[in-house]
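See below for the structure under consideration.
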Amino acid sequence: MGTTLRAELSEKNPYWIEKHRYYELKHFCLQYPIWKKAYAALDGTNTKTMNLAMRVITNNIDDPTSRYAIARAYYADRMNMLERVANFTAKYLLKGITEGWSYDILKARLNIPCCKDIYYDLYRRFFWLLDKERG
């Protein structure tokens, strides 16, 4: 799945953010399924998941339990941030944004309750709120 280049949003739009910031946030969101898998895998019983815990910077903590806890908190914080922002807009947006589903796919599979214009307005609002959340 590649990034589709779209016409840039007008700066007059209340949810305008800079194009490259939008792409940064979009790619941040596309990591959500990876975070969910990593969070679920970090249960502390599987030694193969140590690789996931090592990816998170832990300031040279040698205790495996602490490393797991810090890694789980790292992934949980990011997942919760996206879920919190999605609650301000619409929950079905999270599926569309994190898995790259278009409006047409969401409408066909989930029968979302809005038209395309409203969906993309909520979509832009989601990224605007996420921009504010991430600072």
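I57 meets each of the listed conditions (1) modelled with pLDDT of 90 or more; (2) under 20 Å from G135 (Cβ atoms) apart from (1). Every test in (1) open to solvent by 70 Å² or more (accessible area, probe 1.4 Å); (2) modelled with pLDDT of 80 or more is passed by A41 save one, and that test is (1). Do you know which residues across the range 84-135 are on the phi > 0 side of the Ramachandran plot, in contact (Cβ under 8 Å) with a residue 60 or more places away in the chain and out of contact with any Leu (no Cβ under 7 Å at 6 or more places or on another chain)? Correct list: empty. Under the condition of being polar (S, T, N, Q) and open to solvent by 70 Å² or more (accessible area, probe 1.4 Å), the residues counted in the range 96-119 number 1. When the range 18-38 is limited to residues that are assigned to a helix (DSSP H, G or I) and open to solvent by 50 Å² or more (accessible area, probe 1.4 Å), the one that is farthest from L130 (Cα to Cα) turns out to be K37.
Among the residues making up the range 58-77, those that are surrounded by fewer than 16 Cβ atoms within 10 Å (Cβ to Cβ) and of a type outside the set (V, I, T) are N59, N60, D62, D63, P64, S66, A73, A76, D77.
The values are calculated or read from the model by the stated rules, or taken from the named source; none is laboratory data. Note that the structure is a prediction, hence the values are computed from the model and not measured. In this analysis, Cβ positions are derived from the backbone assuming ideal geometry, glycine residues included, and neighbour counts consider all displayed protein chains. Protein only, heavy atoms only, side chains kept; ligands, DNA and RNA dropped before computing areas. Shrake-Rupley method; radii C 1.70, N 1.55, O 1.52, S 1.80 Å.
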